[in-house]
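This report concerns only the one structure given below.
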Amino acid sequence: MTGERRLELWSIVSGLAAGSPVAIEHLGIAVLAATCADAVAVAVTVAAAPREAIYLSDRMAEAMEDLALTLGEGPGAEALTGGPSLAADLTSVDSRRRWPTYAPAAAAEGVHAAFAFPLRIGAIRLGVMDVYRATPGALDGNALADALILADLACAILLDTVHAGRDGLPPLIAPLHHPEIHQATGMVAVQLGASAAVALLRLRAHAYSAGRELREVSGDVVARRLRFSSDAGGEAGPR
């Protein structure tokens, strides 16, 4: 059933693209509909900051992302380092205890429920997908399941690993499950002094520009035949 729903949601997202390359904004629209949300934001982890918003559905999403970045607390901050963080009522005693600064500030912005989903593949954390509602209330089972699937699809879009496949198969992110890719990502993160997400993006960019498979480039990094420079504008090169 999950596989069928994944395909259905992908069909919705790709349909919103109307023949153009699928982008995060198309996924954001699908998230709004699937979760009956009032606002959605997608933020990624970058080397220079804890998070950087790359998609904001509206002014509410922008205000909430500013709060999360400024205060460093709330469901979105928790999801960056843990699992999904769900707050059905930000005015509740529990929410104010967990996030004493964020919860009242969010309510002042007109947000009374917030749900955050980590964007990750294995140990690699890419960022977070935040879903906001103006009224309190939990996500029902279907909405929660859809949000988890859409968060997974967001990872595929962010890393440009979407492959529709034959016969309408759902998008895959399987190429990232090879152990050498994870190992190389960790090594490049150290070389760059950056997050694993940034390191993986650099690996993919190098593979694309060189016309090679990600696994091949990762193998060179693991074998220490290739090293990435942390200098501004530095390119990857042989050791």
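Some observations on this one:
- Single unsatisfied condition, V31 versus (1) touching a strand residue (DSSP E or B) at 6+ places or on another chain (Cβ under 9 Å); (2) open to solvent by 40 Å² or more (accessible area, probe 1.4 Å): (2)
- Residues in region 203-219 that are in a loop (DSSP other than H, G, I, E, B) and either surrounded by 18 or more Cβ atoms within 10 Å (Cβ to Cβ) or of a type outside the set (K, R) (or both): G211, E213.
- Residue that is surrounded by the most Cβ atoms within 10 Å (Cβ to Cβ), among those in region 80-92 that are in a loop (DSSP other than H, G, I, E, B) and either touching a helix residue (DSSP H, G or I) at 6+ places or on another chain (Cβ under 9 Å) or modelled with pLDDT of 95 or more (or both): L90
- Apart from one condition, S95 fits all of (1) free of Cβ contacts under 8 Å to residues at least 40 places away in the same chain; (2) open to solvent by 40 Å² or more (accessible area, probe 1.4 Å); (3) hydroxyl-bearing (S, T, Y); the exception is (2).
- Single match in A53, A77 (criterion: under 15 Å from the mean Cα position of the chain (by Cα) and part of a helix (DSSP H, G or I)): A77
- Only residues that are of a type in the set (D, E, K, R), over 19 Å from the mean Cα position of the chain (by Cα) and surrounded by 10 or more Cβ atoms within 10 Å (Cβ to Cβ) were counted across region 1-24, and they come to 2.
- The residue of region 43-62 that is farthest from T135 (Cα to Cα), among those that are among the hydrophobic types (A, V, I, L, M, F, W, C) and modelled with pLDDT of 95 or more, is L56.
The values are calculated or read from the model by the stated rules, or taken from the named source; none is laboratory data. This is a predicted model, so every value here is computed, not measured. Neighbour counts run over all protein chains shown; Cβ positions are idealised from the backbone, glycine included. The accessibility values were calculated without ligands, DNA or RNA, using every heavy atom of the protein model including side chains. Shrake-Rupley method; radii C 1.70, N 1.55, O 1.52, S 1.80 Å.
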